[in-house]
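Asks: Once you've had a glance at the structure underneath, I'll fire off some questions.
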């Protein structure tokens, strides 16, 4: 009986803590186990692929202001994360994760944003790209790709 009361108290405390949580414009979550699709989240979906050592953003690197859900897939053998830094967004990130998928929802306003892997040394090895957010519509056509190795960046790509 005591363990039942203890469990109920823990559940109630969890609900209270969740209700008191931050109302930040960023969040990170995991895709369901078993290879299912990423959970639905607010914002326009943007696919991001992480590899050793590149970042590919689909459909490109120019966006209009708004809320975006980055569906981040790690296809490299190493663990990575996606970190977003720019106007109004300071180091919003997925957790560092092994191959798989995580999501990150951020609200982007007009300006330039840095997308990178924060694992020490990975940004310098090429896991760094930039996106530009303007007030108009996106101007990069799906299917455009820009890639350079050895400390460069990779961006663009098409919807997969």
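Asks: Condition (residue is within 23 Å of residue 44 (Cβ to Cβ), crowded, with 16+ Cβ neighbours inside 10 Å and modelled with pLDDT under 95) applied to the stretch 106-117: is it met by at least one residue?
Replies: No, the stretch 106-117 contains no residue that is within 23 Å of residue 44 (Cβ to Cβ), crowded, with 16+ Cβ neighbours inside 10 Å and modelled with pLDDT under 95.
Asks: Can I ask one more? Can you pull out every residue in the stretch 40-69 that is farther than 16 Å from residue 116 by Cα and in a loop (DSSP other than H, G, I, E, B)?
Replies: 40, 41, 42, 43, 59, 65
Asks: Evaluate the stretch 22-39: report whether one residue or more is modelled with pLDDT of 50 or more, surrounded by 11 or more Cβ atoms within 10 Å (Cβ to Cβ) and not in a loop (DSSP other than H, G, I, E, B). If you could, list the steps in order and put the result at the bottom.
Replies: Residues of the stretch 22-39 that are modelled with pLDDT of 50 or more, as a first pass: none.
Looking through the stretch 22-39, none of the residues is modelled with pLDDT of 50 or more, surrounded by 11 or more Cβ atoms within 10 Å (Cβ to Cβ) and not in a loop (DSSP other than H, G, I, E, B).
Asks: Ok, one more. Does residue 129 qualify as being out of contact with any helix residue (DSSP H, G or I) (no Cβ under 6 Å at 6 or more places or on another chain), part of a strand (DSSP E or B), farther than 17 Å from residue 43 by Cα and without any contact (Cβ under 8 Å) to a residue 40 or more places away in the chain?
Replies: Taking the combined requirement at face value, the residue does not satisfy it.
Asks: May I pose another question? I'd like to verify a number: residues in the stretch 70-123 that are in contact with a strand residue (DSSP E or B) (Cβ under 7 Å, 6 or more places away or on another chain) and part of a strand (DSSP E or B), how many?
Replies: 30
The values are calculated or read from the model by the stated rules, or taken from the named source; none is laboratory data. This structure is a prediction, so every number in the text was calculated from the model and none was measured. All Cβ positions, glycine included, derive from the backbone under ideal geometry; neighbour counts span all protein chains shown.
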